[in-house]
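The values are calculated or read from the model by the stated rules, or taken from the named source; none is laboratory data. Everything numeric here is computed off the predicted structure, so don't read it as measured data. With ideal geometry, Cβ positions are generated from the backbone for all residues, glycine too; neighbour counts draw on all protein chains shown. Surface areas here come from the heavy atoms of the whole protein model, side chains and all, with no ligands, DNA or RNA. Shrake-Rupley method; radii C 1.70, N 1.55, O 1.52, S 1.80 Å.
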Amino acid sequence: MKWIFYCLNYDHLARHIIYETAAITPVKCDPVIWEIKRRKDTTIYYFSSYYQSPSEQYWMVPDEFVGIATIGGRPRYTVGGHFSLEKPETTEEANIFFLHRDSLFTHYIRQYKGEINEWLKAELIRRGITPNYKQQNIWLSLTGNF
């Protein structure tokens with residue numbers, strides 16, 4: 001679910017609960033599932049996010065993040081706040097949508113030059129995805145590949 005959080009939300013700045021905006025990208029944050037709604041065959045996950053800076057903790061507004069509805073354990077459509085986004089007509093359409101978002105996020109993270117959440121770093125290593133920028137020596141030290 002955390003990977004799906006990043007795939008759906010990576011391209012929007014997170015918003016702080018109190019302040020108008022905070023320049024914190026979701027890839028710096030730790031995703032939190034703040035609510036789960038279960039129906040007969042559908043489970044809806046609503047995301048929030050958490051970021052710990054050296055001086056402050058940020059909890060992000062849950063409604064700012066796109067959540068996910070699963071049917072039979074597979075992602076089927078997205079939800080934002082308290083409304084549903086477009087529901088696909090078929091399972092194939094849903095699969096194409098999520099694969100497309102995965103592809104966009106993978107491309108984005110390969111070009112990304114900023115701070116990345118610890119869980120996301122470990123997941124990128126597990127998936128064999130390496131950021132494509134000049135700080136390769138930092139990435140190599142994280143992976144142990146010299």
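Hey, SER84 hits all of (1) under 16 Å from the mean Cα position of the chain (by Cα); (2) at pLDDT below 80 but one; which does it fall short on?
(1) is the only condition that SER84 fails.
Within the group ILE68, ILE36, which residue is open to solvent by 70 Å² or more (accessible area, probe 1.4 Å), of a type in the set (Val, Ile, Thr) and either touching a helix residue (DSSP H, G or I) at 6+ places or on another chain (Cβ under 8 Å) or outside any helix (DSSP H, G or I) (or both)?
Details: ILE68 fails: open to solvent by 70 Å² or more (accessible area, probe 1.4 Å).
Being open to solvent by 70 Å² or more (accessible area, probe 1.4 Å), of a type in the set (Val, Ile, Thr) and either touching a helix residue (DSSP H, G or I) at 6+ places or on another chain (Cβ under 8 Å) or outside any helix (DSSP H, G or I) (or both) holds for just one of ILE68, ILE36, which is ILE36.
I need a count of the residues in the range 111-123 that are at pLDDT 90 or above, of a type in the set (A, V, I, L, M) and either assigned to a loop (DSSP other than H, G, I, E, B) or touching an Asp or Glu at 6+ places or on another chain (Cβ under 7 Å) (or both).
0
Could you tell me which of the residues TYR133, TYR108, TYR77, TYR45 is closer than 17 Å to PHE5 by Cα and modelled with pLDDT under 85?
Numbers: TYR133 fails: closer than 17 Å to PHE5 by Cα; TYR108 fails: modelled with pLDDT under 85; TYR45 fails: modelled with pLDDT under 85.
From the options TYR133, TYR108, TYR77, TYR45, the qualifying one is TYR77.
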